[in-house]
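Student: Attaching a single structure in structure tokens format; questions to follow.
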Amino acid sequence: MWCRSLAWLFKVPYQLRGSTRHRSLWLPHGRRTVPVAAARWHHTAPESLKCAWQLHGDHLELRYANTLMRFDFVWLRDHCRSASCYNAKTNQRSLDTASVDLGIKPKAVRVDETTLFLTWPDGHVTRYGLEWLVKNSYEGQKQQVMHPRILWNAEIYRQAQVPSVDCRSFLETDEGLKEFLQNFLLYGIAFVDNVTPTKEDTEVLAERISLIRETIYGRMWYFTSDFSRGDTAYTKLALDRHTDTTYFQEPCGIQVFHCLKHEGTGGRTLLVDGFYAAEQVLRQAPDQFELLSKVPLKHEYVENVGDCHNHMIGVGPVLNVYPWNNELYLIRYNNYDRAVINTVPYDVVHRWYAAHRTLTTELRRPENELWVKLKPGKALFVDNWRVLHGREAFTGYRQLCGCYLTRDDVLNTARLLGLQA
């Protein structure tokens, strides 16, 4: 996988290192002195294999809940949740991490069926629940998903029959809001029906789940084909699939669309699950997935129209993944705004073009295209870090309004309702 070149960062040696002097270890049947060089597995009880541990020169090795974990001693001291080290009321660390001796080692270790106890040289005792350690260990995190999702193509999404949420339920009940957010988190898109077709009502809708992110396009924007901005979107031309604001250092997280009026033909909205397409690349060509997650690209927006003068540059790979579990969290794909590729040598860029072609082929497969006709009263929320959007060409007068939302606030709202986000 792509992160193998960083494996040395996370590798913990199996061999014993450090001093061979004796150390006191607290075991269930009493206190015993064991030389570090003779480290061996200890169990919570002779007849139990549920939890076992052994002490090495610079880390503790713990086996629990079918997970083999390794904890650096400094990490174990730094994450202490005692009252003197951690403020449970504010959920903030009180311990000064820089004050922890980088060569610290526990003076005594004891493990029962549910808890790890560590006694440090100064007499301070740290307690960890074993379940907490599994959840928060590096090895445990590798097995977990940060953001549960359902990847989809057009057929998968249609068969799921994901319901739209009524505007009144969305605005007035936690149940309606939670249903909407669950749909959005799983699929990256969600709809609200029966919205009064005005910019003001769309704004109220957006503020239900987030602060509105004001950008160079303003707070709430009207969207017509008057070429009032230096962007292809302000025309009647078809737009290929893309994500927005790739030229921001942090692309906008969520986009809201609401069609207020269309007197003409065409103009359907195209939606493509970028994560579904990327998953196909990962399965078929993992080396190309790795390249797309490593090569940094510049995206650029240059505008000199009327009073609008902007020059934006954003830098980042097409695919962005969490390094510990290879989970994709952001796709930055916009062929309109991609700037000159001058961040990698010629031989790498040629391989990048091949990888980009593979991803583009997946994104353009007809079976991956979900076409939706936006009509007045139906608002669409799009995860701009995941789902690409576009449109077909249109005739006549077409007016949309919308805005960008701050991703942190949307996820915050979801967590407060008990959803994993």
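The values are calculated or read from the model by the stated rules, or taken from the named source; none is laboratory data. Quick caveat: nothing in here was measured; it's all calculated off a predicted structure. No Cβ is skipped: glycine too gets one built from the backbone with ideal geometry, and neighbour counts run over all protein chains shown. Surface accessibility is based on the protein's heavy atoms, side chains included, excluding ligands, DNA and RNA. Shrake-Rupley method; radii C 1.70, N 1.55, O 1.52, S 1.80 Å.
Student: Quick one: would you say residue 317 is modelled with pLDDT of 95 or more and exposed (fewer than 15 other Cβ atoms within 10 Å of the Cβ)?
Tutor: Here the answer is no, as residue 317 does not meet what is asked.
Student: Does segment 395-402 contain at least one residue that is open to solvent by 50 Å² or more (accessible area, probe 1.4 Å), in contact with a strand residue (DSSP E or B) (Cβ under 9 Å, 6 or more places away or on another chain) and not in a loop (DSSP other than H, G, I, E, B)?
Tutor: Checked segment 395-402: at least one residue is open to solvent by 50 Å² or more (accessible area, probe 1.4 Å), in contact with a strand residue (DSSP E or B) (Cβ under 9 Å, 6 or more places away or on another chain) and not in a loop (DSSP other than H, G, I, E, B).
Student: A further question on this structure: When segment 274-315 is examined, which residues are found to be over 18 Å from residue 241 (Cα atoms), free of Cβ contacts under 8 Å to residues at least 60 places away in the same chain and touching a Phe, Trp or Tyr at 6+ places or on another chain (Cβ under 7 Å)?
Tutor: Scanning segment 274-315 gives 282, 295.
Student: For segment 373-391, enumerate the residues that are part of a loop (DSSP other than H, G, I, E, B), surrounded by 15 or more Cβ atoms within 10 Å (Cβ to Cβ) and of a type in the set (D, E, K, R).
Tutor: 378, 386
Student: Next question, about the same structure. In the set 215, 224, 196, 202, which member is closer than 30 Å to residue 159 by Cβ and either of a type outside the set (A, V, I, L, M, F, W, C) or at pLDDT below 95 (or both)?
Tutor: 202
Student: Among the residues of segment 15-38, is there at least one that is at pLDDT 50 or above and open to solvent by 20 Å² or more (accessible area, probe 1.4 Å)?
Tutor: Scanning segment 15-38 turns up no residue that is at pLDDT 50 or above and open to solvent by 20 Å² or more (accessible area, probe 1.4 Å).
Student: Next question, about the same structure. From the set of residues in segment 76-96 that are farther than 22 Å from residue 141 by Cβ and part of a loop (DSSP other than H, G, I, E, B), which is least open to solvent (accessible area, probe 1.4 Å)?
Tutor: 82
Student: May I pose another question? Residue 73 passes all but one of (1) open to solvent by less than 70 Å² (accessible area, probe 1.4 Å); (2) more than 19 Å from residue 139 (Cα to Cα); which number fails?
Tutor: The number of the failed condition is (2).
Student: Just one of the numbered conditions (1) open to solvent by 30 Å² or more (accessible area, probe 1.4 Å); (2) within 25 Å of the chain's Cα centre (by Cα); (3) farther than 30 Å from residue 206 by Cβ; (4) aliphatic (A, V, I, L, M) is not true of residue 133; which one?
Tutor: Result: residue 133 fails condition (1) only.
Student: Any residue in segment 368-386 that's under 17 Å from residue 263 (Cβ atoms): show its pairings with residues that are of a type in the set (Lys, Arg) at Cβ separation under 6 Å, as long as the two are six or more apart or on different chains.
Tutor: As it stands, the answer is 373/268, since those pairs meet every condition given.
Student: When residue 269 is evaluated against the numbered criteria (1) in contact (Cβ under 8 Å) with a residue 24 or more places away in the chain; (2) farther than 14 Å from residue 380 by Cα; (3) of a type in the set (Val, Ile, Thr), which criterion, by number, is the only one it fails?
Tutor: (2)
Student: Residue check, residue 326 against (1) open to solvent by less than 70 Å² (accessible area, probe 1.4 Å); (2) under 25 Å from the mean Cα position of the chain (by Cα); (3) at negative phi, all met but one. Which one?
Tutor: Failing condition for residue 326: (3).
For (1) surrounded by fewer than 18 Cβ atoms within 10 Å (Cβ to Cβ); (2) of a type outside the set (Ser, Thr, Tyr); (3) part of a strand (DSSP E or B); (4) out of contact with any strand residue (DSSP E or B) (no Cβ under 8 Å at 6 or more places or on another chain), each residue gets a yes or a no:
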residue	(1), (2), (3), (4)
248	no, yes, no, no
288	no, yes, no, yes
291	no, yes, no, yes
301	no, no, yes, no
312	yes, yes, yes, no
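Student: Among (1) touching a residue at least 12 places away in the same chain (Cβ under 8 Å); (2) exposed (fewer than 12 other Cβ atoms within 10 Å of the Cβ); (3) within 28 Å of the chain's Cα centre (by Cα), where does residue 102 come up short?
Tutor: Tallying (1) touching a residue at least 12 places away in the same chain (Cβ under 8 Å); (2) exposed (fewer than 12 other Cβ atoms within 10 Å of the Cβ); (3) within 28 Å of the chain's Cα centre (by Cα), residue 102 fails exactly one: (3).
Student: Among 99, 48, which is the only one that is modelled with pLDDT of 95 or more, out of contact with any strand residue (DSSP E or B) (no Cβ under 9 Å at 6 or more places or on another chain) and either aliphatic (A, V, I, L, M) or over 15 Å from residue 137 (Cβ atoms) (or both)?
Tutor: 99
Student: Just need a number here: residues in segment 112-130 that are at pLDDT 95 or above and either open to solvent by 70 Å² or more (accessible area, probe 1.4 Å) or in a loop (DSSP other than H, G, I, E, B) (or both).
Tutor: Qualifying residue count, segment 112-130: 6.
Student: Sticking with this structure for a sec: Looking only at segment 250-286, filter to residues that are acidic (Asp, Glu) and within 17 Å of residue 363 (Cα to Cα); which one of those is most open to solvent (accessible area, probe 1.4 Å)?
Tutor: Among those that are acidic (Asp, Glu) and within 17 Å of residue 363 (Cα to Cα), it is 279.
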